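The values are calculated or read from the model by the stated rules, or taken from the named source; none is laboratory data. This structure is a prediction, so every number in the text was calculated from the model and none was measured. Note that each Cβ is placed from the backbone with ideal geometry, even for glycine, and that neighbours are counted across all protein chains shown. The protein model used for the area step is the full one, side chains on, heavy atoms only, and it has no ligands, DNA or RNA in it. Shrake-Rupley method; radii C 1.70, N 1.55, O 1.52, S 1.80 Å.
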Amino acid sequence: MRTVALALAPLLQACLFAPAAHPRAHDEVRRGYRHLDAGDLERAEAAFALALEFKPDLPEAWNGAGVAAERRGDLAGARRLFERAVRYHPDFAEAHANLGAVALLAGDHASAEGHLRAALAVDPDLWVARLGLGRTLLHRGRAEPASRQAHWSRARREYLLLLESREDCPEAWHDLGYMDLESGRLEGAEASYRRAAALSADPASLHGLCASLARQGRCREAADACRRCLELAPGSAECRRSLGAAEGCR
């Protein structure tokens, strides 16, 4: 059974804005976020640019432009735009969280952790920042095997803090399952993956459930989980390989 994959899932955050700006600037920021929600990046970028014509130091518009840049795959550009938002509003929790997200995607774990902690210092209940911090520490543990236990212990704490306020967060349950599986805590991995799969139709969580069951010798249950994974993601080579392993185990 191969190691379960762990995906990076940036969760860039939109925002509310402070009232001290030209009304049209506010209107264009709202329109920009609606265009982002609709997947229309070109119109979103135009709306944020127009908002900045009305108020060039409007951090919410710089933040929105950064989200659009990230969705285009321009991480360097997104980072510059989020940095501009933070320059105009140092306590802008969402922009700090977004800086953390793009830093994590770029593999800059130290910078990601710093920005995500800055976001949580402003708003301890900003769940995307808490999730991002957990994932940053998780990935630091993967990148630094000698310090893995320490990083993963801190990651686990962040996930548990997140679940205190957002118990239905499938990403947190999935990542707890991943760390338990990699650490050989098979029953804990099974429980967390089951919870994640119940909350979201996620092939990765079903694949993790399959792996945790197979390693406990519960082959029939493992095969069932892998079949469910393939129903959701027919092209998943990982699920197909794990299904073969589960069907062949005794």
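Worth a mention:
- Assessment of the stretch 212-221 against the conditions (over 24 Å from the mean Cα position of the chain (by Cα) and at positive phi) yields at least one matching residue.
- Of Ala204, Ala233, Ala211, Ala222, all but one fail to be crowded, with 16+ Cβ neighbours inside 10 Å and over 18 Å from Asp180 (Cβ atoms); the exception is Ala233.
- In the stretch 19-122, counting only helices (runs of 4 or more DSSP H) that sit wholly within it, the ones holding 1 or more residues that are touching a Phe, Trp or Tyr at 6+ places or on another chain (Cβ under 6 Å) and surrounded by 15 or more Cβ atoms within 10 Å (Cβ to Cβ) span 23-38, 59-71, 75-88, 93-105.
- Positions within the stretch 72-88 being in contact with a helix residue (DSSP H, G or I) (Cβ under 8 Å, 6 or more places away or on another chain) and either small (Gly, Ala, Ser) or in contact (Cβ under 8 Å) with a residue 40 or more places away in the chain (or both), in sequence order: Gly77, Ala78, Ala85
- Filter result for Val67 (of a type in the set (Val, Ile, Thr) and under 22 Å from Asp175 (Cβ atoms)): no
- Meets criteria (free of Cβ contacts under 8 Å to residues at least 60 places away in the same chain and part of a loop (DSSP other than H, G, I, E, B)) for Gly244: no
- Exactly one residue out of Arg130, Arg156, Arg140 is open to solvent by 60 Å² or more (accessible area, probe 1.4 Å) and either in contact with a helix residue (DSSP H, G or I) (Cβ under 7 Å, 6 or more places away or on another chain) or in a helix (DSSP H, G or I) (or both): that is Arg156.
- In the stretch 170-182 there is at least one residue matching the filter, namely being in contact with a helix residue (DSSP H, G or I) (Cβ under 8 Å, 6 or more places away or on another chain), in a helix (DSSP H, G or I), closer than 30 Å to Ala65 by Cβ and open to solvent by 10 Å² or more (accessible area, probe 1.4 Å).
- Of all residues in the stretch 185-201, those that are open to solvent by 50 Å² or more (accessible area, probe 1.4 Å) and not basic (Lys, Arg) total 5.
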